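> Please read through the structure below; I'll follow up with questions.
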Amino acid sequence: MANTAKRKPLPTIGVDRYTFFNVISDTAEGTEYGEAYSLRGTVEIAPTDTGSTDVFDADNGPYETSTYIEKLGHDITNADIPPEVDAMWRGLEQKNGLVEVSSDTKTVYFGVAWRILKSDGSYRYVRYYKGSYSFASNVGGKTKPSSGSIEKQTAKATYTAIQREFDNNYYAYFDETDLPEGVTKAELETNWFTDMNWYPGAADTKQTVTE
């Protein structure tokens, strides 16, 4: 049974296990993902979500108010974006180790998952069901300083989420302290980063994978 007791909010202190899956198909019947790819070297993940409110005026005053969220997704700062990842995210083929970038790129969709370390040693697990990457060239560099502390550069990319056709969801997250009864942390660790359609708990079976 999940721990429903009132808990003290805890700060987050780390992030790792950034894993992405290409979206093979996404229909009303289900979403199929490819194999997991683990991207090492994550420095920071910052949500890009922003919210706003629209007020419709009538009868000489506020008549109706609607709120919405836009720009769903996240910015990732990584130690580097390897050439093979660069090619995958741009929809290109890496030929003999070479990545050639031209105007012949296409939008490729991916699901993504990661975990966030909290100050008590527990984790928050996050996944976005479908989205695409945009980023500048990662071939820049800076001269190494001749003395003093070493300056290190990082690579950045933006993941823009869209609704999944299957269920119109954008993303999901939960804390491991809320694991349902009968679901172990080992099972969670294995499935969260290998199966984008896995739900914690046998009762959660609303997602399917197409054949």
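The values are calculated or read from the model by the stated rules, or taken from the named source; none is laboratory data. Treat the numbers as computed from the prediction; the structure is a model and nothing was measured. Neighbour counts run over all protein chains shown; Cβ positions are idealised from the backbone, glycine included. The accessibility values were calculated without ligands, DNA or RNA, using every heavy atom of the protein model including side chains. Shrake-Rupley method; radii C 1.70, N 1.55, O 1.52, S 1.80 Å.
> If the elastic network links every pair of Cα atoms under 10 Å, which of ASN78, ASN60, ASN169 fluctuates the most in the Gaussian network model of the chain?
Highest fluctuation among the options: ASN60.
> Output ³J(HN,Hα) for region 169-184: one whole-Hz value per residue in order, computed from phi by the Karplus curve 6.51 cos²θ - 1.76 cosθ + 1.60 with θ = phi - 60°, and x for Gly and Pro.
Going residue by residue, I get 7, 9, 8, 8, 7, 6, 8, 5, 5, 9, 4, x, 4, x, 9, 8 Hz, with x marking Gly and Pro.
> Still on this structure, I have one more. How many Å² of accessible area per residue for region 1-90, probe 1.4 Å?
Heavy-atom accessible area per residue stands at 64 Å².
> Could you check how much of the accessible area of region 47-145 is carbon and sulfur, as a whole percent, using a 1.4 Å probe?
47
> What's the local net charge at TYR33, with K and R +1, D and E -1, over the other residues with C-beta under 12 Å away?
Summing Lys/Arg as +1 and Asp/Glu as -1 gives -1.
> Could I ask something else about it? Leaving out ligands, DNA and RNA but keeping every protein chain, what accessible area does VAL99 have, in Å² rounded to the nearest 10, with a 1.4 Å probe?
Approximately 40 Å² for this residue.
> Taking the Cβ of LEU179 as the centre, find all other residues whose Cβ is under 10 Å away and add up their charges (Lys, Arg: +1; Asp, Glu: -1).
With Lys, Arg at +1 and Asp, Glu at -1, the net is -4.
> Which of the pairs LYS106/LYS156; LYS8/LYS130; LYS106/LYS144 have their Cα atoms more than 26 Å apart in this structure?
LYS8/LYS130; LYS106/LYS144
> Separate question: Let me check I've understood the local charge: for THR48, count other residues with C-beta under 14 angstrom from its C-beta, Lys and Arg +1, Asp and Glu -1. What total comes out?
-2
> Multiply the residue separation of ASN96 and THR190 by 0.36 nm, subtract the distance between their alpha-carbon atoms, and state the gained length in nm to one decimal.
Length difference between fully extended and current span is 30.6 nm.
> Hey, what did region 1-65 get for relative contact order, percent, Cα under 8 Å, at least 6 apart?
Reported relative contact order: 23 percent.
> What relative contact order, as a whole-number percentage, does the chain give when Cα pairs under 8 Å and 6 or more residues apart are counted?
That works out to 26 percent.
> Where a ≥ b ≥ c are the square roots of the eigenvalues of the C-alpha gyration tensor, would you call region 92-211 rounded, which needs a/c under 1.5, or, failing that, prolate if a/b is larger than b/c, or oblate?
Verdict is oblate for region 92-211.
> Could you point to the residue in ALA58, GLY73, ALA87 farthest towards the positive end of region 53-118's charge dipole, with +1 and -1 charges on the Cβ of Lys/Arg and Asp/Glu respectively?
The Cα lying farthest towards the positive end belongs to ALA87.
> Something else: Under the rule a/c < 1.5 gives rounded, and otherwise a/b versus b/c splits prolate from oblate, where does region 8-122 land using the Cα gyration tensor?
Oblate is the answer for region 8-122, as a/c is 1.5 or above yet b/c matches or exceeds a/b.
> With an 8 Å cut-off on Cα pairs and a minimum separation of 6 or more residues, tell me the relative contact order of region 1-124 in percent.
That works out to 31 percent.
> Distance from the Cα centre of region 129-185 to that of region 8-50, in angstrom?
6
> Which whole-Hz couplings ³J(HN,Hα) result when phi for each residue of region 151-163 is put into the Karplus expression 6.51 cos²θ - 1.76 cosθ + 1.60, θ = phi - 60°, listed in order with x for Gly and Pro?
8, 10, 9, 10, 10, 10, 8, 10, 9, 9, 7, 10, 5
> Which stretch or stretches of region 44-69 have amide N atoms under 19 Å from the point lying 7 Å from THR154's Cα along the Cα→Cβ direction?
Those under the cut-off are 44-49.
> Apply the a/c threshold of 1.5 to the C-alpha gyration tensor of the chain and tell me whether it is rounded, prolate or oblate.
Rounded is the answer for the chain, as its axis ratio a/c remains below 1.5.
> Let me ask something else. With charges set only on the Cβ (+1 for Lys and Arg, -1 for Asp and Glu), what does the dipole of the chain come to about its Cα centre, in debye to the nearest 20?
980
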